[in-house]
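**Student:** Supplied in structure tokens, the structure appears directly below.
The values are calculated or read from the model by the stated rules, or taken from the named source; none is laboratory data. The structure displayed is predicted, hence computed values, not measured ones. Here Cβ is always computed from backbone atoms with ideal geometry, including for glycine, and neighbour counts include all displayed protein chains. Please note that ligands, DNA and RNA were not included when accessible areas were found on the heavy atoms of the full protein model with its side chains. Shrake-Rupley method; radii C 1.70, N 1.55, O 1.52, S 1.80 Å.
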Amino acid sequence: MSMQYPEKIWHNGAIKNWAEATTHVMAHAIHYGSSVFEGVRCYDTPNGPAIFRLQDHLKRFYTSAHIYDMPVPFDRAQLTQACKDVIRANNFGKCYLRPVAFRGLGGFGLSADCPTDVAVAVWQMGEYLGQSATDTGIDAMVSSWNRPAPNTIPTGAKAGGNYLSGQLIAREARRLGFGEGIALASTGLLSEGAGENLFLVFDGKLYTTPVSAAILNGITRNTIMVLAKSMGIEVIEQDLPREYLYLCDELFMCGTAVELTPIRSVDGKKIGSGEPGPLTRKMREAFFGLVKGTAPDPHGWLEYL
Ligand code: PMP
């Protein structure tokens, strides 16, 4: 996919031209995957552009860095400002933000104390998997790759290295003609999608896999849980066996990039009627109402520029 690069990027404290935000080929992160990052969406709302749950994304950013002992030389207030500044510098409204911190140049070896580089990129992004995927649902497959076992690579950190697992899962799915791959945990129980959390519907209740199932504790997942509870819909976090994917009434995945995308089949088996089900549609409506500022925002999750 070709991409038209935006004009400006925030890098180590300053807004720069895109082409000037470079790093050395010997930066630690290139060799060892030592980066942490976030994906955040900004939506157009009736009151102007608003970044959705920016503070929660930044909290997770610092948590990921903390797990890897990576000092981040900018505090949350500074990165909040950086996110807003880089959107304004590019004259964007609706867009996708990518804060990233990584071990840069400054020594050799795994435990080298390299200085941390920090950047915030921003670009325009519509539906991650295309409009028809979000409207009609995608065909998913269970990946032949498992997510990392507990106490190997922490899936609770949103670190660059974790996305080697995601790449194996997503690329296998695309190669075989599926819209997305779903991974099992090392236990053989259900984990999550390559870059998305999962919700299954049984008898009008929502089920999602727990943080102990090698998932990233998604902010969209939490948003859906909070929204569902406020709508009187029961949400159950529990381990689920693979075959529940084939048995559920409805299935959808969620994440900042895919937002809330229905899944219409898994491994060639139709889910429910094969169309987005009533609870999926209800949750989509509630979710988009919230992020686009057309429904009340009781938690103050919309952060205006
Ligand atoms: N799981 C993985 C592996 C992800 O990469 C993402 C995307 N960040 C998610 C789940 C969803 O997380 P969020 O809703 O916070 O974007």
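**Student:** Compare Val72, Val211, Val25, Val120 by solvent-accessible area with a 1.4 Å probe and give them largest first, with all protein chains kept in place.
**Tutor:** Working: Val72 30, Val211 80, Val25 105, Val120 0 Å².
Largest to smallest exposure gives the sequence Val25, Val211, Val72, Val120.
**Student:** Let me ask another. Take the chain, connect every pair of alpha-carbon atoms lying under 10 Å apart with a spring to form a Gaussian network, then pick out the residue of Gly232, Gly39, Gly293 with the largest mean-square fluctuation.
**Tutor:** Of Gly232, Gly39, Gly293, the most mobile in the Gaussian network model is Gly232.
**Student:** Here's a follow-up. Over the range 8-123, what is the relative contact order in whole percent, taking alpha-carbon pairs under 8 Å and six or more residues apart?
**Tutor:** Working: 195 pairs, mean separation 42.6, N = 116.
Relative contact order for the range 8-123 comes out at 37 percent.
**Student:** Using Cα atoms only, what is the angle between the long axis of helix 54-67 and the major principal axis of the chain, expressed in degrees (0 to 90) to the nearest 10?
**Tutor:** Roughly 70 degrees, rounded to the nearest 10.
**Student:** At 1.4 Å probe size, with the rest of the protein present, what percent of the exposed accessible area of the range 1-107 is carbon and sulfur atoms?
**Tutor:** Within the range 1-107, the accessible surface is 53 percent carbon and sulfur.
**Student:** Rounded to the nearest 500 deg cm²/dmol, what is the calculated helix-only ellipticity per residue at 222 nm for the chain, with -39500 (n - 2.57) per DSSP H run of length n ≥ 4?
**Tutor:** On the way: 8 runs with 82 residues, N = 305.
Value at 222 nm, helices only: -8000 deg cm²/dmol.
**Student:** While we're here: Any idea which of Thr22, Val40, Ile51 is furthest toward the positive side of the dipole for the chain, if Lys and Arg beta-carbons carry +1 and Asp and Glu beta-carbons -1?
**Tutor:** Farthest towards the positive end: Thr22.
**Student:** Could you please state how large a percent of the accessible area of the range 131-291 is carbon and sulfur, counting protein chains only and using a 1.4 Å probe? If you can, show how the numbers build up before the last one.
**Tutor:** Working: 3360 of 6560 Å².
Roughly 51 percent of what the probe reaches on the range 131-291 is carbon or sulfur.
**Student:** Moving to a separate point now. Placing +1 at every Lys and Arg Cβ and -1 at every Asp and Glu Cβ, with all other atoms neutral, what dipole size does the range 233-305 have around its Cα centre, in debye to the nearest 20? All intermediate terms of the calculation are to be shown ahead of the outcome.
**Tutor:** Values: 8 positive and 12 negative charges, 65 e Å.
My answer is approximately 320 debye.
**Student:** If you consider only alpha-carbon coordinates, what radius of gyration and Dmax does the range 8-123 have, in Å?
**Tutor:** 14.5, 51
**Student:** Dipole size in debye (nearest 20) for the range 158-282 around its Cα centre, Lys and Arg Cβ +1, Asp and Glu Cβ -1?
**Tutor:** 280 debye
**Student:** Step through the table entries Lys158/Lys292; Lys59/Lys94; Lys205/Lys282; Lys16/Lys59, compare each Cα-Cα distance with 19 Å, and write down the pairs that go over it. Working shown, then result.
**Tutor:** Working: Lys158/Lys292 25 Å; Lys59/Lys94 22 Å; Lys205/Lys282 13 Å; Lys16/Lys59 25 Å.
The answer is Lys158/Lys292; Lys59/Lys94; Lys16/Lys59.
**Student:** So if I place +1 on the C-beta of Lys and Arg and -1 on the C-beta of Asp and Glu, and nothing else carries charge, what would the dipole magnitude of the chain be about its Cα centre? I want it in debye, nearest 20. Write down the numbers at each step before the final one.
**Tutor:** Numbers: 28 positive and 30 negative charges, 61 e Å.
That gives the chain a dipole magnitude of about 300 debye.
**Student:** Within the chain, what's the longest stretch lacking trypsin sites (Lys or Arg not before Pro) that sit in DSSP loops with no more than 16 other Cβ atoms inside 10 Å? Mind showing how you got there, number by number?
**Tutor:** Details: sites that count: Lys94, Arg242, Lys292.
Counting only loop sites that pass the neighbour cut-off, the longest clear stretch is 95-241.
**Student:** Still on this structure, I have one more. Okay, which of the range 226-255 sit inside 12 Å, backbone N to the point 7 Å along the Cα-Cβ direction of Lys282?
**Tutor:** 228-235
**Student:** Quick one: in the range 107-217, what % of C-alpha pairs are over 25 Å apart? Display every interim value, and only then the final one.
**Tutor:** Working: 2056 of 6105 pairs.
Value for the range 107-217 (Cα pairs over 25 Å): 34 percent.
**Student:** Shifting gears a bit: State, to one decimal in nm², a quarter of the convex hull surface area for the C-alpha atoms of the range 167-305, i.e. the direction-averaged projected area.
**Tutor:** Numbers: hull surface 35.6 nm².
Mean shadow area of the hull around the Cα atoms is 8.9 nm².
**Student:** Using +1 at the Cβ of each Lys and Arg and -1 at the Cβ of each Asp and Glu in the range 8-123, identify which of Asn90, His66, Ala77 lies farthest towards the dipole's positive end.
**Tutor:** The one lying farthest along the dipole's positive direction is Asn90.
**Student:** Going by amide H atoms built from the backbone, whose H comes under 5 Å of the H on Ile263, apart from near neighbours?
**Tutor:** Long-range HN contacts for Ile263: Ile138, Leu251, Phe252, Met253.
**Student:** Would you mind getting the accessible area per residue of the chain, heavy atoms of the protein chains only, 1.4 Å probe, in Å²?
**Tutor:** Working: 14010 Å² over 305 residues.
Accessible surface, normalised per residue, equals 46 Å².
**Student:** What Kirkwood Rh does the chain have if only Cα atoms enter the pairwise 1/r average? Answer in Å. Could you put the intermediate results ahead of the total?
**Tutor:** Values: mean 1/r = 0.0499 Å⁻¹.
Averaging 1/r across every pair of different Cα atoms and inverting gives 20.1 Å.
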